[in-house]
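Here the structure comes first, spelled out in structure tokens, and everything after it is commentary.
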Amino acid sequence: AMLDPDSGLSLTIARIVQRLKGSSLHSQLERQARVSLHKPEIKLESLKEDIKDFLKTSGWEKKLQNAVYSELNVFPSPCHPAAPPEHMKEPLAYMRKAQGSWEKRILKSLNSMCTELSIPLAQKRPVSEQKELLNKWNEMGTDEPDLSLFRPVYAPKDFLEVLMNLRNPNYENGEQPSFRNHLGLIQVPLKVKDIPELKEDFSELGLNIGQLGIDDSAQVPPEFFENEHVRVGQKVLTEQDSAAAQQYVRQGCPTALRADLWALILNISNQPEDILYYEQLKSNVIQHDLLVDSLIYKDVKLTASNDDYYFVFEDYLYQVLLCFSRDTSVLEHFTYSSATPPKSYIRGKLGMEEYAVFYPPNGVIPFHGFSMYVAPLCFLYHEPSKLYQIFREMYVRFFFRLHSISSHPSGIVSLCLLFETLLQTHLPQLFYHLREIGAQPLRISFKWMVRAFSGYLATDQLLLLWDRILGYNSLEILAVLAAAVFAFRAVNLMEVTSLAAAEAVLADLSTLKVMPLLQIFLFATVT
């Protein structure tokens, strides 16, 4: 149920006030206000106004604005007060149910691995092992434990099978009139955008607007645009305004400013207390050995370690992902995620709620390719606690949507449907041809979208793509890019006669230039 704007606004304000109350920003603001009382320019008769002015000129008001803006970006708009809390997680009951049974499957896979290998989910490390881990914390990659018996809990293609079987029970045997002609693998009726709506949403990517990542724009000589864009970017950073930074990166980030701009958009400032928190997570890793540690280790070995761009960051990846698995603050995102953190029971207490713990502590079971969410960030951040916070924020804003079943426009189900609809509508011949030969396009593009293209594009191109994810606070651009890649390779794809041949045409995306592809697909396609 939609709220009238006023009560919706007051609920939002109440929630944000509630959430900021316990934050360190709140106590810092109080401290600053107290300190300001001793300043000569603060007069008793105009106390409230003077303190407000002081907080404005000293930059604290900006910090508060950014915190509010961050909350608005992350949390969904409030549901009707009468709506049950699970509506905030996912409004459609059949999606909630499908996500629930998928979670049961994952858990079953994890538990059977425990039983087979007779390894507990968690155990305290012996002191000697703790010392050893502490000593090699910065070079964990040199270790070669035998992980042959461990297998990823699931891979993207297992997840795709689940999504292909999703049905809305209210529409038995394809009764939905508008949807009957959708011939893709995704068979649920969700509303996705068409090209005119996408053009409007992504208007800053238009042909007559300067872009970083486009070398030969007819309108503006690129070096002129770049110099001006860098100047504006520096101004945005000086202003320290998250909303302005978010608008700015829609046209791409200059390489030298990207790390700072992303941190500003994500409202990450790496305060002493954040560094301390990271150290606590690290000591938790040192003390306890979790089964997921081996899964993380194996995933890094299978993915990033074999990647030409990312193998050098292997040690950072272990540090970030091991700490992430211990981070209980990640549990907060389950209030607006369709997923529910898995529970485990202390030995011998199965089913007794007071002995239940979340496992892993952050509630997220990594799957094959998970470490690729972190790898590109290693190019931008070299200080582990900062890298860690940026990744965690990217995860709870964006990446969790790529591996949970929901009806959210940035959720993977909507992205798949958007991708298939764009192809079927704008490249019908190609779509039908691939379908006829058993090479459904989504079978090829699914893994690109689940990983947000990490490990498929050249890094400079990937960062230009992620600029736009942050700039638009949306993952829809992933589906648009996937369709644009098919459009770009359409001539070759029309000649293939099997799935393997189609996969071969699209096996290497490392030479693609993201921005021209997106522009041509969105703004030069005849609609």
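Rounded to 0.05, the FRET efficiency of the GLU144 and GLU45 pair, given R0 = 56 Å and the Cβ-Cβ distance, is 0.20. Across region 202-208, coupling constants 3J(HN,Hα) worked out from phi with the 6.51/-1.76/1.60 Karplus curve, θ = phi - 60°, read 9, 4, 5, 8, x, 5, 9 Hz, and Gly and Pro carry x.
Taking a straight line from the alpha carbon of LYS193, these lysines sit under 23 Å away, with near neighbours fewer than eight places off in the same chain left out: LYS89, LYS447. Would you mind calculating the gained length between MET352 and GLU332 on full extension (0.36 nm times residue separation, minus the Cα-Cα distance), in nm to one decimal? Full-extension gain reported as 4.9 nm. Between LEU183 and LEU9, the distance separating the two model label sites (each 7 Å from Cα on the Cα→Cβ line) works out to 4.9 nm. Note on GLN234 and VAL491: the model spin-label points, each 7 Å out from Cα along the C-beta direction, lie 4.4 nm apart. You can think of it this way: the chain between ARG19 and LEU107 has 28.5 nm of extra reach, that is 0.36 nm per residue less the Cα-Cα gap.
Taking a virtual spin label 7 Å from the Cα of TYR171 along the C-beta vector, which residues in region 414-451 bring their backbone nitrogen under 14 Å of it? Under 14 Å, as judged by backbone N against the label point of TYR171, lie 414, 417-418, 421 of region 414-451. Applying 0.36 nm per residue to the separation of SER27 and ASN227 and subtracting their alpha-carbon distance, the gain on full extension is 68.0 nm. Would you mind checking LYS191/LYS343; LYS136/LYS298; LYS301/LYS343 for any pair whose Cα atoms are more than 25 angstrom apart? Where the Cα-Cα span goes over 25 Å, the pairs concerned are LYS191/LYS343; LYS301/LYS343. Scanning the chain for GluC sites (Glu not before Pro) in DSSP loops with at most 12 neighbouring Cβ atoms within 10 Å leaves 176-494 as the longest stretch between them. Computed from the Cβ-Cβ distance with R0 of 60 Å, the FRET efficiency linking ARG151 to ALA82 stands at 0.85.
If I take every Cα pair under 8 Å that is 6 or more residues apart in region 8-78, average their sequence separation and divide by the length, what percent do I get for the relative contact order? Reported relative contact order: 42 percent. Straight Cα distances below 25 angstrom link LYS43 to the lysines LYS52, LYS56, LYS62, LYS63, with same-chain residues fewer than 8 positions distant left out.
Modelled label positions at ASN306 and VAL162, each set 7 Å beyond Cα in the direction of Cβ, lie 2.4 nm from each other.
Read-outs: derived from the displayed coordinates by stated rules, not from any lab. Being a predicted model, the structure only gives us computed values, none of them experimental. Cβ atoms come from the backbone with ideal geometry, glycine included; neighbour counts cover every protein chain shown.
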